[in-house]
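Down below is the structure, laid out as C-alpha cells.
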Amino acid sequence: MRSLSVQWKITLMAGVGILLTVFVLTGLSFYFSSQNQQLVSEQTFTSLRNQSEALVKIQSERQAIYVQQYMDEATYRAEMLAQSVLFLKFNAEENYTNSAELRGSINELLRRSVNNFPNIYSAFVVFEPNALDGEDNNYHDASYVGANSTGRFAPYWSKSLNQQAVQRVFTEEQIVNTSLNTAGRADNDIFSCSALSQNTCVMNPTFSSEESGRHLISSITTPLIVDGKSIGIMGIDIKLNTLQPVINEVDNNLFNGIGKVSLLSNDGTVVAWDQDESRLGDRYTPQDGLPETLPTWLSNGNDFIGWSNNQQWLLAYTPVMLGNTTWGIIVQLPAEQVLEEAIALDSAIQAQRSASSKIQIIASVLIGGFGILVVLFAASRLVAPIKQVVESLKEIASGEGDLTQRIAVTQQDEVGELATWFNRFLDKLQNTIGQVVVTVEEVSKTAGEAAYVASKTRDGSESQFKEVDMVATASEEMTQTSAQVVDHTETAVDAAKKADSAAQQGQQVIQLSAGLMASLVNRMDSAVPIAKELESNSENINEILKVIEGISEQTNLLALNAAIEAARAGDQGRGFAVVADEVRLLASRTKDSVRQIHTVIDDLQQGTRSVVCAIEEGNQLAGDTAEQVSKAVDSLSQITESVGAIQAMNEQIMRAAEEQQAVSGEVNRNVSNIRELSEGILTHAESSADIGQRLTEISERQKALASQFKV
C-alpha cells in the first residue's frame with residue numbers, strides 16, 4: 001500500500017467505497033424485496049385463510065340450518081301427531097266413543113302419516129298400561145287394534161317394500177327392557193326418554209329392518225302429557241338418506257369437492273358423509289381422518305373454525321341442536337388447495353424477485369465498474385499537478401539544479417496553493433543562488449589576481465635574495481681583503497665602485513619589491529571585504545534556507561491538520577487524507593533538499609572563512625614584509641652613502657685602513673642581516689603564492705558548486 005501512487009490509492013479507496021456502497025444497496029434491495037415478498041405472502045395467506053374460514057363457516061352454518069329445519073319439521077310432525085292422538089282420546093272420552101273405535105282411529109292416523117309423508121319411515125304410539133282407555137285387559141294379544149300381549153296400546157306402523165304402511169306391535173319386553181345396548185343406552189330408551197323427561201327426544205341414527213328396505217333412520221319421540229303427567233309417547237322414524245345429497249352439495253360448493261363434509265350424531269354415528277356412503281350408520285374411527293377433538297366438539301355443542309395442528313387442514317364444526325341432543329356438521333378442507341392462489345402468487349413473486357435480483361446484480365456490476373473508471377480518471381487529473389511538482393523536485397535534487405523551471409498553476413485548491421508556494425520558493429532561491437554565482441565569480445577573479453601578485457612577489461624575492469647573497473659574498477670578500485687595502489687600493493676602488501653599483505641595484509630591487517608588496521597589501525585589503533561580503537551572503541542564504549525550512553515545517557503541519565480533519569470526515573475524507581499524506585511527503589522531501597543545500601552552503605561558508613583567514617594572514621605578512629623591505633631600503637641607502645664615502649675617502653684608505661677594516665666588518669654583518677631578511681621575504685612570498693593558489697582552488701570549488709544551479 002505504501003508503494004502505490006496517490007492516483008492508485010485514491011482509485012483503490014474510492015473503488016472500494018463504490019463497491020461497498022453498491023453491495024450494501026444491492027443487499028438492502030434484496031433484503032427489502034424479500035421482506036416485501038414475505039409481507040405480501042403473509043397478507044395473501046392471511047386474507048385467503050380468513051376468506052376460506054368465513055366461506056366454510058357460512059356454508060357449514062347454512063347446511064346446519066337446513067338439517068335443523070329438516071329435523072325440526074319432523075319434530076313438529078311428531079308433536080302434531082301427539083296432539084292429534086290426545087285430541088282423539090279427549091274426543092272419545094267426551095263422546096263416550098268405545099275403545100275399539102278410539103284405537104282404530106289412532107291406528108288410522110298413524111297409517112295415513114306413514115303413507116302420506118315420504119320422509120316418515122314409521123310412526124308409533126306407546127301408552128302407559130290402561131292410560132289410553134282403561135281397557136287394556138280387553139285387548140290381550142289384539143294386535144289388529146295395536147295391542148300387545150298385555151293389552152297395552154303400542155302400535156308401530158312402517159313402510160313396507162311397496163312403500164305402503166304395515167302394522168306391527170311393540171312387545172312388552174321391548175318396552176320395559178332396560179338393559180344397555182352397545183351404545184351404552186337402555187334398550188327401551190326410545191320409550192323412556194320422552195316419558196321421563198317430558199320433552200321431545202331425538203334418538204341416534206339406526207338402520208331400519210331388512211324387510212322394509214335398509215334405511216338410515218332417526219327416531220323422534222314426544223311425550224303425551226295429560227294434566228302434567230306423561231301417559232305415553234308419540235314417535236316417528238324419519239329417513240336420513242335425504243341428508244346425504246345435501247352434504248354432497250356442500251362439498252361441491254366448497255372448492256369443487258376437494259374437501260370432506262360429514263354429519264355426525266351425538267354418539268359419533270355417521271349420518272351423512274361425502275367420502276364413503278357405505279359408512280353411514282357406523283361409528284367414526286380415527287382411520288376416517290376426522291379431527292381428534294371431535295368428541296369434545298360433540299359434547300360441548302360449541303362451533304369451531306380453525307386449522308389442524310399440522311396446518312394441513314381447514315376445520316369447521318357447526319352444531320345442530322335437536323331437542324335433547326346435539327349433532328354436528330364437520331367440514332375439512334386441505335390447506336394446499338384452499339391456499340392454492342396464495343401459493344401460486346408467492347411462486348410468481350419469487351420468480352419475479354429472482355429475475356429482478358439478476359438484473360440488480362448486473363446493474364450493480366456495471367455501475368460499480370463505471371464508477372471505478374470515473375474515479376480513475378478523476379484521480380489522474382487530481383494528481384497531475386502533484387506529479388509536476390515531484391518531477392521538478394527530482395530535477396533539482398538529481399543535480400540538474402535548473403531553478404528557471406516553474407509549475408503552471410491551473411487550480412485554486414491545495415495542490416494549486418502548493419505549486420504557487422513552490423514557485424515562490426524557486427523565485428527566492430534563484431535570486432539568492434544568482435547572487436552567490438556573481439559573488440563566486442568576483443572571488444575567483446580576485447583570487448586569480450592575488451595569485452598573480454603573489455607569484456610576482458615570489459619571483460622578485462628570489463631575485464632579491466640572489467642579489468643580497470651576492471652582496472654578502474662581496475662583503476665577505478671585502479672583509480677578507482680589507483687587510484690588503486693598502487696594498488690593493490685600486491682593487492678597493494674597483495670594489496667600491498662594484499659595491500656602489502650593486503647597492504644601487506639592490507636599492508632598486510628593494511624599492512620594486514616594496515612597491516609590489518604595497519600593491520599586494522592593497523589587493524589583500526580589497527579582497528578582505530569581498531570575502532567578508534561572500535561570508536555575509538552565505539549567512540543570508542542560511543537565513544533564506546531557514547525560512548524555506550520553516551515553510552516546509554508549516555506545510556507539514558498543515559498537511560497533518562488536513563489528515564486529521566480528513567480522518568474526522570470518515571469515508572468522505574479518505575481521498576483528501578491520502579493527498580494530505582502526499583503533501584506531507586513533499587514537504588519532507590523539500591526539507592531534505594533544503595538540508596542538502598544548507599550543507600553545501602556550510603561548505604561554501606567554511607571555504608569562504610578559510611579564504612578570509614588566509615587573506616588576512618597574507619595581508620599581515622605582506623605588511624610585515626613591506627616594513628622589512630622599507631628597512632632594507634634604508635640599509636641600502638646607508639650602504640650607498642658608505643660606498644660613496646669609501647670612494648671619496650679612497651685616498652685616505654691607507655691611513656684609515658684600520659677604520660675601513662672595522663667598517664667592512666660592520667658592512668658584512670649588515671649584509672648578513674639583509675640576506676636573512678631577504679630569505680624571510682622569499683619565504684613569505686612563497687606562502688602568499690600558496691595562499692593565492694589555495695584561494696583560487698576554493699573559488700573554483702565555489703564556482704563549481706554554484707554552477708550546479710541554473711539561474
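Need pairs with beta-carbon distance below 9 Å; first residue under 20 Å from residue 509 (Cα atoms) and surrounded by fewer than 17 Cβ atoms within 10 Å (Cβ to Cβ) and within region 654-679, second at pLDDT 70 or above and hydroxyl-bearing (Ser, Thr, Tyr); sequence gap 6+ or separate chains.
As it stands, the answer is 673/635, since those pairs meet every condition given.
Taking the conditions exactly as written (within 43 Å of the chain's Cα centre (by Cα), of a type in the set (A, V, I, L, M) and assigned to a helix (DSSP H, G or I)), does residue 551 satisfy them or not?
Yes, satisfied.
Name every residue in region 11-61 that is closer than 30 Å to residue 266 by Cβ and loosely packed, with under 14 Cβ neighbours inside 10 Å, in order of residue number.
Those that are closer than 30 Å to residue 266 by Cβ and loosely packed, with under 14 Cβ neighbours inside 10 Å: 54, 58.
Given 261, 320, 331, 270, which one is at pLDDT 75 or above, assigned to a strand (DSSP E or B) and closer than 30 Å to residue 86 by Cα? Explain how you work it out, then say what you get.
Values: 261 fails: closer than 30 Å to residue 86 by Cα; 331 fails: closer than 30 Å to residue 86 by Cα; 270 fails: closer than 30 Å to residue 86 by Cα.
One residue alone meets the criteria, 320.
Is there a residue in region 244-251 that is buried (at least 20 other Cβ atoms within 10 Å of the Cβ), under 30 Å from residue 198 (Cα atoms) and at pLDDT below 80?
No, region 244-251 contains no residue that is buried (at least 20 other Cβ atoms within 10 Å of the Cβ), under 30 Å from residue 198 (Cα atoms) and at pLDDT below 80.
Counting only residues that are modelled with pLDDT of 85 or more and of a type in the set (Val, Ile, Thr), which one in region 179-205 is farthest from the chain's Cα centre (by Cα)?
In this case the residue turns out to be 190.
The values are calculated or read from the model by the stated rules, or taken from the named source; none is laboratory data. Please read all numbers here as calculations on a predicted model, not as lab measurements. So basically every Cβ, Gly included, is an ideal-geometry build from the backbone, and we count neighbours across all protein chains shown.
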